[in-house]
Amino acid sequence: MAKSTTNRARFKIQRALGVELPGLGKSGALERRPYGPGVHGNKRKKISDYAVRLKEKQKLVYHYGLREKQLVTYVKQAKRDNSDMPWMELLLTNLESRLNNVVFRAGFAPSILAASQMVSHGQVKVNGKKVDRSSYVVQKDDVISLSDKGYANQLYKGTQETPRMAVVPACYNIEGGDNKTAKLIDKPLPSDVPFDFEPQLVIEYYWKVK
């Protein structure tokens, strides 16, 4: 029952934002009700510019499984970085490089939440060593594998049978049969973000953050 309630809550979030967020797991959130609740839900209400920007920011929060404070920290880090890359692009690259996201995008877990659980339970290895922090930043040439319990986990096995996402980004090299490994052969790109997204609206939302 709890699982069903959780799925309903995740579907409700995606319907409110008007987009499927793969990181939340099961697909089909927009299939039954691609409009607001109620008889007149298909009539769009005018919303403020702030609300439009807020919804776009919320896509990042929910997809990557973050709290608002965490996202603000990532924004501040990206803005302070001396990289030649625009801060918004750097932000997206950093979010895509989080260990729980890498486990998900490599096809080892059905959602980012499930990937986080595997990480926290010590079932994920980076270059052969256990890492139990979902926020760990995976670097180029790092190799991600699982422990024996990880490979035996039904989350992993189920994802091998029914992947949440059919395409693995080009920055990953996946090897192995039943017990796969994933090597990050290049930094993720902003274009690897797997949902419709308007970066400029997030830039405008966080323009005062320093």
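As a summary of the residue check, residue 97 satisfies the conditions (1) surrounded by fewer than 22 Cβ atoms within 10 Å (Cβ to Cβ); (2) of a type in the set (S, T, N, Q); (3) in contact with a helix residue (DSSP H, G or I) (Cβ under 7 Å, 6 or more places away or on another chain) except for the one numbered (3).
Just give me the residues in segment 179-196 being in contact (Cβ under 8 Å) with a residue 60 or more places away in the chain, surrounded by fewer than 17 Cβ atoms within 10 Å (Cβ to Cβ), in contact with a Lys or Arg (Cβ under 7 Å, 6 or more places away or on another chain) and not basic (Lys, Arg), in sequence order. Result: 195, single match. Residues in segment 174-210 that are closer than 18 Å to residue 94 by Cα, hydrophobic (A, V, I, L, M, F, W, C) and out of contact with any strand residue (DSSP E or B) (no Cβ under 9 Å at 6 or more places or on another chain): 7 in all.
Here's the yes/no breakdown for (1) in a strand (DSSP E or B); (2) of a type in the set (A, V, I, L, M, F, W, C); (3) touching a His at 6+ places or on another chain (Cβ under 8 Å); (4) free of Cβ contacts under 8 Å to residues at least 12 places away in the same chain:
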| residue | (1), (2), (3), (4) |
| --- | --- |
| 103 | no, yes, no, no |
| 117 | no, no, no, no |
| 134 | no, no, no, no |
| 159 | no, no, no, no |
| 170 | no, yes, no, no |
| 177 | no, no, no, yes |
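When 141, 132 are checked against the criterion of being on the phi > 0 side of the Ramachandran plot, modelled with pLDDT of 95 or more and of a type outside the set (Ser, Thr, Tyr), a single residue qualifies: 141.
Kindly establish whether residue 117 is more than 16 Å from the chain's Cα centre (by Cα), surrounded by fewer than 19 Cβ atoms within 10 Å (Cβ to Cβ), at negative phi and not β-branched (Val, Ile, Thr). Taking the combined requirement at face value, the residue does not satisfy it.
The values are calculated or read from the model by the stated rules, or taken from the named source; none is laboratory data. Note that the structure is predicted; figures quoted are calculated from it, not measured. In this analysis, Cβ positions are derived from the backbone assuming ideal geometry, glycine residues included, and neighbour counts consider all displayed protein chains.
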